[in-house]
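First comes the structure, then the notes that go with it.
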Amino acid sequence: MTESTAVLAAQTFRVTRADLVRYAGASGDFNPIHWSDRVATGVGLPGVIAHGMLTMALAGRAVTAWAGGDPSAIVEFSVRFARPVVVPDDDEGAELVVTGTVRSVDDDGCAQVDITAVCDGERVLAQARARVRAAALT
């Protein structure tokens, strides 16, 4: 294993209420915390939140971009959800910034990538990691 600390280019994503509607339709997850401020705040959330799996998918999109657009270069990918992505009811939505650091390259040629996803200055994913074929990383 070779140690490394290469930083990968930040990827920025906007998440709007319209995105939540589209994701709900695609996933079948119509939980009202993803579209109703009244319900979201009624259960103690600060407002409507993005689907956790949508947040994870956007982080996966960043990893795919770092892998030169080749999703097959991703060998493993995992996250834990730390905080919700609150999506305001406006045209701007929420901004999710995903960064990555290559921590090491294994003997099998896979890079260990630590992923950070931040929204409004808060980390929204914890223990986010990927194993990516190192030759694919750009």
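Restricting to the range 5-32, give me the number of residues that are touching a strand residue (DSSP E or B) at 6+ places or on another chain (Cβ under 6 Å) and surrounded by 15 or more Cβ atoms within 10 Å (Cβ to Cβ).
So the answer is 4.
Counting only residues that are within 9 Å of residue 85 (Cβ to Cβ) and hydrophobic (A, V, I, L, M, F, W, C), which one in the range 46-57 is surrounded by the fewest Cβ atoms within 10 Å (Cβ to Cβ)?
Among those residues, the one meeting the criterion is 49.
Being within 27 Å of residue 2 (Cβ to Cβ), of a type in the set (A, V, I, L, M) and over 11 Å from the mean Cα position of the chain (by Cα) narrows it down to one residue among 67, 24; which is it? Steps first, answer last, please.
Numbers: 24 fails: within 27 Å of residue 2 (Cβ to Cβ).
Selected residue: 67, the only one of 67, 24 that is within 27 Å of residue 2 (Cβ to Cβ), of a type in the set (A, V, I, L, M) and over 11 Å from the mean Cα position of the chain (by Cα).
Residues to consider are 8, 20; find the one that is hydrophobic (A, V, I, L, M, F, W, C), in a strand (DSSP E or B) and modelled with pLDDT of 95 or more.
Result: 8 is the single residue among 8, 20 that is hydrophobic (A, V, I, L, M, F, W, C), in a strand (DSSP E or B) and modelled with pLDDT of 95 or more.
The values are calculated or read from the model by the stated rules, or taken from the named source; none is laboratory data. Fair warning: this is a prediction, and the values are worked out from it, not measured in the lab. Backbone-built Cβ (ideal geometry, glycine too); neighbour counts: all protein chains shown.
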